[in-house]
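Below is one structure, written out as C-alpha cells; comments come after it.
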Amino acid sequence: MAGSSKRRARHLVFLPYVAFLAIFLGWPGLYVFRSAFAKGTAERSPMIEAVTGQFRGSFIFSLQLSFVSAFIGSLIGALVAIAVVRLDTVRGLRSTVVGYSAVAANMGGIPLAFAFLAAFGMQGLATRLLREINIDIIGWGFRISDFWGIVLVYLYFQIPLMTLVLVPALDGLRRTWAEAAQSLGASSLQYWRLVALPILAPALLGGLLLLVANAFAAYATAFALSSGGSRLVPVQIRFFLQGDTITGKTNLGYALAAWMVIVTGLLVTGFQLLMRRAERWRR
Amino acid sequence: MKISRIGAWLTLVIVAVFYIVPMLAMARFAFQRIPVIKLSLGNVFQKWTIQPLLDQFGSPDFQRAATLSIMLAIATALVTIVLLLPTMAFAHLGSPRTRRFIEISAVLPFVVPAIALVVGFAGAFRDTLPILIRSSFGLVPLYVITALPFTHRTLESGLATLDLRTLVNASRSLGASWWRTIAFVIAPNMRASIATASFLAFTVVLGEFTIASLLLKNTLPLYLSYAQGGNPQGAFALGIVLVVITTVFVAMSNRFGKKVHT
C-alpha cells in the first residue's frame, strides 16, 4: 500500500509540466480543431471551405514557397556541409561555419527582412552593385516581396539548417568505406552513388522535410517584406482572427490554422522518423 | 583531390558572400547618410554616423518596447527552468518510459506553428481567462512553449553528463529534501546547461513576432516593424542591434553547450 501511494506521489511530480503543456499547448490546439470542424450556419464545413474556396491559392502559394526554398536550401546547404567536412584539416574553419550556421538558422523575423530590403530592394546595395556589372535584376522583374524574392530571403535560414543537419551525418561516413570502395576499383562517382548517398539518404530527406516545415510555419519575414499584403496562409489567418475583430467567418480562420497544424505535423513526424534511421550509422 | 578542394573553397566563399552582403547592406543603410543612388567609390567612407541608433535609444516608445521584451525574456527563461529542471531530473531518475514521454512532448511545439498556437490561445482564453490576453505577461507561457524544443534538448544533454543518482542519494541521505536537492545540488551542477537554455529562451523571445503581433503587444520586433514606416534608418539600425544580440546569444549557448559535453 505504502509503495503504491509513494509511486503515485512520484507521478504527481510530473503534474505541473503535463498541466502546463495541456493548458497552453493542448487546449489551444484542440480549440483550433474544434472551431475548424464547427459548421455553424455555413453550408460546408470550414475544413473543406478552407482548401477548396478562394484560399486554395494561398495553400498552393505557401507550399510552393516552402518546397522551392527547401529544395534549393538543401542543395546548397549540402554542398556547404560537404565542403566543410572535406576541408576538415583547415583549422578553425569547421567551428566557424557550423557556429555561424547556428546563428543564421536562428535568424529570421523582422531584422532579416530589413537586411534583404537593404540589399536586394529597389534601392538596395546589392541591386546597385549588380547593375554596375550590367545585371539589372529589377529590370528582369525581380522584386524582393515576390515569390522568388521571398525564396531568396528564406535561403538565409534554410541553407544553414541543412548544413547543421548534414555535417554530423557526413561525419558518420567512415574513411574506411571510401578506401574499401576504392580498393575494390570503384570510381569516386560510384562511391558517392552506391555507398555514401544511400547512407546519407535518410538525413538528406529528413533535413528536406524539416526545411519545408520551417518555411511553411514562417510568417514574420514575409509579412515585413510585403508590408502585410501577402498571399501566405498565416497572413490569411491573421485577416480573420486578429485582435478582437469578429469577421463572422472566424471558423474559416481556424480551419486554415488546423490545416497548417496537419501539414507541419506530417512533416515533423517524417523528419523525426528519418533522423532516427540516420542515427543508426553513427553508433 | 586538388580540384575538389578548390571547389569546396569556392562554395564556401560564395555562400559567405551571400551571408555577409545583406548584413553589410543593412548596416550601410542604417549608418551612412548617403542614398544608394549617389553612392560611389569616392564617398564610400563618408557621412557614417550612429546618430539614428542614438535617436532610437532616446525614444520613449523604444524604451518601453525594449523593457517589455527584456522582462518577457527573463520571465520566460525563469519559468522554463523552474518548470523543466525538476521534471526532467525526476524523469532521469525514473523509468526510461517517462523520459521518452517528456522527450516526445517537448518536440510537440514544432508541430503547432506560432500562428496556429496564438489563434488557438486567443480563442480558448478570450472568454475563460481574458487577463492572459490583456496582460503582456500572457505571452510568457506561449514563449515557454515555443522555446521548449530547444531548452529541453539543452537541459537533457546537461543531465545526461551528470551522475544524477549518486548526487541525489548523497544529498538525500544527508537529510536534504527533494526541493533542496534540486535547488542546491542539481541546479549548481547544471550551471552551464541552465545558462545555455536561458540564452536560447532569450533568443526566441527577442526575435518572436507572430505571437506578439496577433495579441497586439508592443515588443521589440513589433516596434521595429512599426518604425520601418516612419523612420526606416532608425528601424534598420535597431535591426542590426537585434542581429548582433542574437549572434552573441547563440554563440554563447554554443560555447556553454560545448562545455556541457566535455
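The values are calculated or read from the model by the stated rules, or taken from the named source; none is laboratory data. Keep in mind it's a predicted model, so treat the numbers as computed, not measured. All Cβ positions, glycine included, derive from the backbone under ideal geometry; neighbour counts span all protein chains shown.
Restricted to region B:207-262, and to residues there that are hydroxyl-bearing (S, T, Y) and more than 20 Å from A:A105 (Cα to Cα), the residue that is modelled with the lowest pLDDT is B:T262.
Screening A:I76, A:I23, A:I72 for residues that are without any contact (Cβ under 8 Å) to a residue 24 or more places away in the chain and assigned to a helix (DSSP H, G or I) leaves exactly one candidate, A:I23. Listed here are the helices (runs of 4 or more DSSP H) enclosed by region A:100-208 that have at least 1 residues being more than 14 Å from chain B (Cβ to nearest Cβ) and either closer than 24 Å to B:I115 by Cα or modelled with pLDDT of 85 or more (or both): A:147-171, A:175-183, A:188-191.
Does B:L148 satisfy being within 15 Å of B:L85 (Cα to Cα) and outside any helix (DSSP H, G or I)?
Considered against the rule, which asks whether it is within 15 Å of B:L85 (Cα to Cα) and outside any helix (DSSP H, G or I), B:L148 comes out as no.
Only one of the numbered conditions (1) buried (at least 20 other Cβ atoms within 10 Å of the Cβ); (2) closer than 16 Å to B:F150 by Cβ; (3) more than 8 Å from chain A (Cβ to nearest Cβ) is not met by B:E103, and that is (1). B:L200 satisfies every condition listed in (1) facing chain A (nearest Cβ under 10 Å); (2) aliphatic (A, V, I, L, M); (3) in contact with a Lys or Arg (Cβ under 6 Å, 6 or more places away or on another chain) except (3).
From the set of residues in region B:119-140 that are of a type in the set (V, I, T) and surrounded by fewer than 22 Cβ atoms within 10 Å (Cβ to Cβ), which is nearest to the chain's Cα centre (by Cα)? Within region B:119-140, the match that is nearest to the chain's Cα centre (by Cα) is B:I133. When region B:2-13 is limited to residues that are of a type in the set (A, V, I, L, M, F, W, C) and in contact with a helix residue (DSSP H, G or I) (Cβ under 9 Å, 6 or more places away or on another chain), the one that is nearest to the other protein chains (Cβ to nearest Cβ) turns out to be B:A8.
Scan region A:113-121 and give yes if some residue there is within 18 Å of the chain's Cα centre (by Cα) and either buried (at least 21 other Cβ atoms within 10 Å of the Cβ) or of a type in the set (S, T, Y) (or both), otherwise no.
Within region A:113-121, one or more residues are within 18 Å of the chain's Cα centre (by Cα) and either buried (at least 21 other Cβ atoms within 10 Å of the Cβ) or of a type in the set (S, T, Y) (or both).
Exactly one residue out of A:S145, A:S95, A:S101 is within 28 Å of the chain's Cα centre (by Cα) and surrounded by fewer than 15 Cβ atoms within 10 Å (Cβ to Cβ), and it is A:S95.
Residue selection: B:M71 fails the criterion of being in the same structural domain as B:Q228 (by TED's automatic domain parsing) and in contact with a Leu (Cβ under 9 Å, 6 or more places away or on another chain). Just one of the listed residues (A:G253, A:G243) is assigned to a loop (DSSP other than H, G, I, E, B), of a type outside the set (K, R) and at pLDDT below 90, and it is A:G243. One residue is enough: does region B:227-242 have a residue meeting the conditions under 30 Å from B:R191 (Cβ atoms), touching a residue at least 12 places away in the same chain (Cβ under 8 Å) and within 10 Å of chain A (Cβ to nearest Cβ)? Checked region B:227-242: at least one residue is under 30 Å from B:R191 (Cβ atoms), touching a residue at least 12 places away in the same chain (Cβ under 8 Å) and within 10 Å of chain A (Cβ to nearest Cβ).
Let me confirm something: among B:L164, B:L206, which residue is in contact (Cβ under 8 Å) with a residue 24 or more places away in the chain and within 26 Å of the chain's Cα centre (by Cα)?
Exactly one of B:L164, B:L206 is in contact (Cβ under 8 Å) with a residue 24 or more places away in the chain and within 26 Å of the chain's Cα centre (by Cα), namely B:L206.
Determine whether region B:17-27 contains at least one residue that is part of a helix (DSSP H, G or I), in contact (Cβ under 8 Å) with a residue 24 or more places away in the chain and more than 10 Å from chain A (Cβ to nearest Cβ). Among the residues of region B:17-27, not one is part of a helix (DSSP H, G or I), in contact (Cβ under 8 Å) with a residue 24 or more places away in the chain and more than 10 Å from chain A (Cβ to nearest Cβ), which makes the answer no. Of all residues in region A:66-92, those that are closer than 27 Å to B:A25 by Cβ and surrounded by fewer than 22 Cβ atoms within 10 Å (Cβ to Cβ) total 7. Just to be sure before I move on: is A:A213 hydrophobic (A, V, I, L, M, F, W, C) and not in a helix (DSSP H, G or I) in the structure I sent? Here the answer is no, as A:A213 does not meet what is asked.
In the set (1) surrounded by 21 or more Cβ atoms within 10 Å (Cβ to Cβ); (2) at positive phi, the condition left unmet by B:T219 is number (2).
Checking the structure you have, find out if any residue of region B:126-142 is facing chain A (nearest Cβ under 9 Å), among the basic types (K, R) and within 27 Å of A:Y31 (Cα to Cα). Yes, that holds for at least one residue. Under the condition of being basic (K, R) and either surrounded by 13 or more Cβ atoms within 10 Å (Cβ to Cβ) or under 22 Å from the mean Cα position of the chain (by Cα) (or both), the residues counted in region B:34-72 number 1. Considering (1) closer than 26 Å to B:P221 by Cα; (2) free of Cβ contacts under 8 Å to residues at least 40 places away in the same chain; (3) at the interface with chain A (Cβ under 9 Å from one of its Cβ atoms), the lone condition that B:W48 does not fulfil carries the number (3).
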